[in-house]
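The values are calculated or read from the model by the stated rules, or taken from the named source; none is laboratory data. As the structure is a computational prediction, the values presented were derived from the model and not from experiment. Backbone-built Cβ (ideal geometry, glycine too); neighbour counts: all protein chains shown.
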Amino acid sequence: MSRKPYMGPSESQSAANAEALARRERTYSAASGASFTWAYDYHQREPRTLRELVHYLRNAHAAEVPTRLHEHDLADDGTPRMTKAAEGFIFGRMDASDAAKGDDPLLSYHLTPFRAALHAMRTHRVESDRMYGALVHHVVVAGMGPHEAAVKVGVPRWCASTMAEIALRAFWRSMSDLRLAQPIEPEPISA
């Protein structure tokens, strides 16, 4: 039995391989780019309904509570010793960041982004933002329904659900783990 010697790929096979290689890069990168763009589009991740918004915000609040409150040993007074995370959560500042004590960098990260955003909203200088902060607190932390929380902060019943959704969406959009330092106002130059 005699075999033909190997001559390499034919011209048609070479052309098919080159076409397949060119098409492979284009196909996967386009699909990957489209899925990446869709996944990180802000509007795709935002909750669509008031119920979904309340659910996400309550989960964000619950996720910040430390999973372990006490150490295994006892404190000096005989009670269970609290963990550092629990002490910081209960007794610490709501807008605490990962910056070292006494250091104020331009950019740092909030340890509890939900609590920091709620603190900023509840202590804002604009009255409507403080009202939004109270409404968010009643809905998420106190567990009230959005409609009844809006009525409690002084919104008329006929627009309470709409105002609750506006307040919760404003809070949702303001919540971030980034902490930017406030710029120092330069002193005016007198002539």
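Considering each residue of region 93-120, count those that are among the hydrophobic types (A, V, I, L, M, F, W, C) and not in a helix (DSSP H, G or I), and give that number.
Of region 93-120, the ones among the hydrophobic types (A, V, I, L, M, F, W, C) are 94, 96, 99-100, 106-107, 111, 114, 116-118, 120.
Checking which are not in a helix (DSSP H, G or I) leaves us with 94, 96, 99-100, 106-107, 111.
Residues that pass the stated criteria total 7.
Given the structure, is GLY102 free of Cβ contacts under 8 Å to residues at least 24 places away in the same chain, more than 30 Å from HIS70 (Cα to Cα) and out of contact with any strand residue (DSSP E or B) (no Cβ under 6 Å at 6 or more places or on another chain)?
no
Where residues in region 175-191 are within 17 Å of ARG115 (Cα to Cα) and not hydroxyl-bearing (Ser, Thr, Tyr), which of them is modelled with the lowest pLDDT?
Restricting to residues being within 17 Å of ARG115 (Cα to Cα) and not hydroxyl-bearing (Ser, Thr, Tyr), the top hit is LEU180.
Residue check: is ALA116 at pLDDT 80 or above and either more than 24 Å from GLU52 (Cβ to Cβ) or surrounded by 11 or more Cβ atoms within 10 Å (Cβ to Cβ) (or both)?
yes
Can you spot a residue in region 74-82 that is out of contact with any helix residue (DSSP H, G or I) (no Cβ under 9 Å at 6 or more places or on another chain), hydroxyl-bearing (Ser, Thr, Tyr), farther than 22 Å from HIS55 by Cα and part of a loop (DSSP other than H, G, I, E, B)?
Within region 74-82 (the criterion being out of contact with any helix residue (DSSP H, G or I) (no Cβ under 9 Å at 6 or more places or on another chain), hydroxyl-bearing (Ser, Thr, Tyr), farther than 22 Å from HIS55 by Cα and part of a loop (DSSP other than H, G, I, E, B)), the answer is yes, since at least one residue qualifies.
Do we have any residue at all in region 70-93 that's aromatic (Phe, Trp, Tyr) and in contact (Cβ under 8 Å) with a residue 60 or more places away in the chain?
Checked region 70-93: no residue is aromatic (Phe, Trp, Tyr) and in contact (Cβ under 8 Å) with a residue 60 or more places away in the chain.
Could you please let me know if GLY154 is in a loop (DSSP other than H, G, I, E, B) and not charged (D, E, K, R)? Don't jump to the end; show me each part of the working.
On the way: in a loop (DSSP other than H, G, I, E, B): yes; not charged (D, E, K, R): yes.
Criteria met by GLY154.
Please go through region 97-119 and give me each residue that is touching a helix residue (DSSP H, G or I) at 6+ places or on another chain (Cβ under 7 Å) and more than 15 Å from HIS61 (Cβ to Cβ), ordered by number.
Passing the criteria: none in range.
For THR27, state whether it is among the polar types (S, T, N, Q), surrounded by 10 or more Cβ atoms within 10 Å (Cβ to Cβ) and modelled with pLDDT under 75.
yes
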